[in-house]
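Notes for the one structure printed next.
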Amino acid sequence: MFLIATGILAALSGTIYLGIKIFAPWLRYDLFYLRKAMASVNEFKSAAKSKKTLADYFDRTVALYPNKVFLVFQENSYTYRQVEEKANQVARAALDMGLKVGDVVAVMMFNQPDLIWTYIGLQKIGVQQAFINHNLRSKSLAHCINVCEPKVLIVGQGIDLLDAVVDIQDDLAGISFYSYDTSLPATFKSFTEACSSMSTNKVDASERSELDLSSVNCYIFTSGTTGLPKPAIVTHAKTLRGAYVMWMFDISSDDILYEPLPMYHSAGLLMGIGTVITKGATVVLRERFSATRFWDDCRKHNVTIIHYVGELLRYLVNTPESADDKKHCVKHAIGNGLRRDVWAEFQRRFAVPNMVEFYAATEMPVGFINLFNKFGACGRSSPLLRKIVPCTFVKYDVHKDEPNRGDDGLCIPCGADEVGLLVIPLGKDVTFEGYKNQKAANEKKLLKNVFKQGDIYVNAGDLLYVDKEYFTYFHDRVGDTFRWKGENVSTTEVSNVVSSVDFLCDACCYGVLIPGNEGRAGMVAVCHKDSERSALSDDELMVILNQCKELLPTYARPRFLRLQKEFEITSTFKQRKSNLQKEGFDVVHIDEPIYYLDIETEKYRPMTKDVCISITNGRISL
């Protein structure tokens, strides 16, 4: 009887597998994905039920691995117990200042050990933290500090940081100033001294008993590629979800994560440090990313996971090739914003087995992750997974900068391989915390009457598409895609095509206005691998044009090229385009070579003042 039952089950299983393979081949990917996700889902449910925060995870990990190395920085290493003792002193110093659950402390520090135990220490007593970009100065810096309404500002080591704050102190009211630095301005107190006199004994969890997962953990600012940065509200729930991302590819306490990303952004802080804490792993922290030191560090510390964002990996593939390129222990590279040309070259050179590209934004309630090493994809969004991670994609008019709507006034869903705007429905299990003290910005992120009157969706502000197997791909940011000759042009696609030319190391595409023409014409700023080059040769210009002819439709081929020594980028390696767009092709005010596409001869030619005037007046057509 047992053998008969076993045979029936085996036959049934085989039939189900065959049915899935024939009628729903995409489902096998979903089942694998769900199996990988289950551990983090169950852990989150447990944390929510017991109101467990990251500080509780840290206490648990210290109890399990007190003498294990938690943090490596330069030539120093710190065990979990050593970091806990420092964090306990931070917590007690904050209590001594009168800080309590719900108060805000602004933190402006480089990637240093001080930042890690400050973050953990303040979490131990439920104090919210606003992480300030240490590159900001003047008006932007004052704005970011003031908008979070902190009672205390803690500045890290570095005279530049202190000077930056002193310059704007008249614009900061009601704030106490502390610093880890030894040379203090008159208005600052020593945070090192405030902590050193405190006990290292464990801080009781009752100090944060008022917290639940909906409470605010910290504020992470947008990168500010346009306008002033906005403080995204990060709850304890979102903090844990960020920490669980790496659980989906089986990270363990034996792993060593290399973290060169800045801690004032969610990637480095929530995913990087958060994951390490929840798993009892080790983090190798870099003060700043260095392409020349990257692989030496990985080999020295036996790194198993590297964390990237934006164009970081492009800097690595642009370093000279070495016989040691494949000599490392790295198993996984996880991050977002990886261009396809860089992805292919990175794997060829460095042979990292598993590329884990994801899509997420600090303020967004959902994200995607590619667990399948699927080239170019950032995750999955199938009918089944949308029941669990609710989202959809709607048709978008890039010229009007708004979703397309039908005769009934409602949005139109996208089909397979059709680029659309990512939108997420608000509901009981999907919330949008938005930005602190930014009512207008919060309203702008909400889209109403999407599929029925009265519904509300979060506008992700990004264009993506889903293929026939339900793999999801990032296409462009809203505002980066532009319209020319009645067609939509993806800046990402054009940049990828141009940057794949072998003598170029990077390309940045954007749209520029031409009087008398509808939409925007494509312009690409390029950097030559020979940084001393002051111009592009005729042969090089022809190579670029032929590449564009081969891989881009006519309307997407750049009408202008601009040669630059280097690009202006944000601290998270995103290209700043606003100044390039403003300057356009006006050679009178630009001291770098510009070339225009001569339609009649099909060649790129040097831009002159007279040519610029002729294009502006419509005498030269593009």
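The values are calculated or read from the model by the stated rules, or taken from the named source; none is laboratory data. Worth saying up front: this structure is predicted, and the values here are computed from it rather than measured. FYI the Cβ positions are ideal-geometry reconstructions off the backbone, even for glycines, and counts take in every protein chain you see. What goes into the accessible areas is simple: the full protein's heavy atoms, side chains included, and nothing from ligands, DNA or RNA. Shrake-Rupley method; radii C 1.70, N 1.55, O 1.52, S 1.80 Å.
Of all residues in segment 389-405, one or more are within 30 Å of residue 217 (Cα to Cα) and modelled with pLDDT under 95. The set of residues in segment 23-34 being in contact with a Phe, Trp or Tyr (Cβ under 9 Å, 6 or more places away or on another chain) and either free of Cβ contacts under 8 Å to residues at least 60 places away in the same chain or outside any helix (DSSP H, G or I) (or both) consists of 26, 28. Cβ-Cβ distance below 9 Å, separation of 6 or more or different chains: which pairs start in segment 432-454 with a residue that is over 20 Å from residue 366 (Cα atoms) and end on one that is of a type in the set (Val, Ile, Thr) and open to solvent by less than 50 Å² (accessible area, probe 1.4 Å)? That search, which allows pairs on different chains as well, returns 437/147; 438/147. One residue stands out in segment 75-94 among those that are free of Cβ contacts under 8 Å to residues at least 24 places away in the same chain and of a type outside the set (Gly, Ala, Ser): the one that is least open to solvent (accessible area, probe 1.4 Å), namely 79.
Here's the yes/no breakdown for (1) under 26 Å from the mean Cα position of the chain (by Cα); (2) surrounded by 15 or more Cβ atoms within 10 Å (Cβ to Cβ):
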| residue | (1), (2) |
| --- | --- |
| 148 | yes, yes |
| 166 | no, yes |
| 187 | no, no |
| 210 | no, no |
| 218 | yes, yes |
| 246 | yes, yes |
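Listed by position, the strands (runs of 3 or more DSSP E) contained in segment 171-263 that have at least 2 residues being touching a Phe, Trp or Tyr at 6+ places or on another chain (Cβ under 7 Å) and of a type in the set (A, V, I, L, M, F, W, C) are 216-221, 231-235.
The set of residues from segment 594-615 being open to solvent by less than 80 Å² (accessible area, probe 1.4 Å) and of a type in the set (Asp, Glu) comprises just one member, 598. Restricting 545, 536 to residues that are assigned to a helix (DSSP H, G or I) and either modelled with pLDDT of 90 or more or within 24 Å of residue 314 (Cβ to Cβ) (or both) narrows the list to 545. Each residue in segment 110-146 was checked for being open to solvent by 10 Å² or more (accessible area, probe 1.4 Å) and outside any helix (DSSP H, G or I), and 8 of them qualify. Evaluation of residue 37 against the conditions (1) touching a helix residue (DSSP H, G or I) at 6+ places or on another chain (Cβ under 8 Å); (2) aliphatic (A, V, I, L, M); (3) part of a strand (DSSP E or B) shows that the sole unmet condition is (3). For segment 51-75: of the residues being in a helix (DSSP H, G or I) and out of contact with any helix residue (DSSP H, G or I) (no Cβ under 8 Å at 6 or more places or on another chain), which is nearest to residue 385 (Cα to Cα)? The extreme case among them is 60. If only residues of segment 569-593 that are within 29 Å of residue 289 (Cβ to Cβ), in contact with an Asp or Glu (Cβ under 8 Å, 6 or more places away or on another chain) and open to solvent by 50 Å² or more (accessible area, probe 1.4 Å) are counted, the one that is modelled with the lowest pLDDT is 574.
For every residue, the table says whether it meets (1) touching a Phe, Trp or Tyr at 6+ places or on another chain (Cβ under 8 Å); (2) touching a residue at least 60 places away in the same chain (Cβ under 8 Å); (3) open to solvent by less than 20 Å² (accessible area, probe 1.4 Å).
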| position | (1), (2), (3) |
| --- | --- |
| 313 | yes, no, yes |
| 320 | no, no, no |
| 326 | yes, no, no |
| 333 | yes, no, yes |
| 339 | no, yes, no |
| 343 | yes, no, yes |
| 354 | yes, yes, no |
| 369 | yes, yes, yes |
| 373 | no, no, no |
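The residues on offer are 104, 62, and the sole one that is over 29 Å from residue 232 (Cα atoms) and not acidic (Asp, Glu) is 62. Which one is surrounded by the most Cβ atoms within 10 Å (Cβ to Cβ) among residues in segment 414-435 that are in a loop (DSSP other than H, G, I, E, B) and under 19 Å from the mean Cα position of the chain (by Cα)? Looking at the filtered set, the residue picked out is 434.
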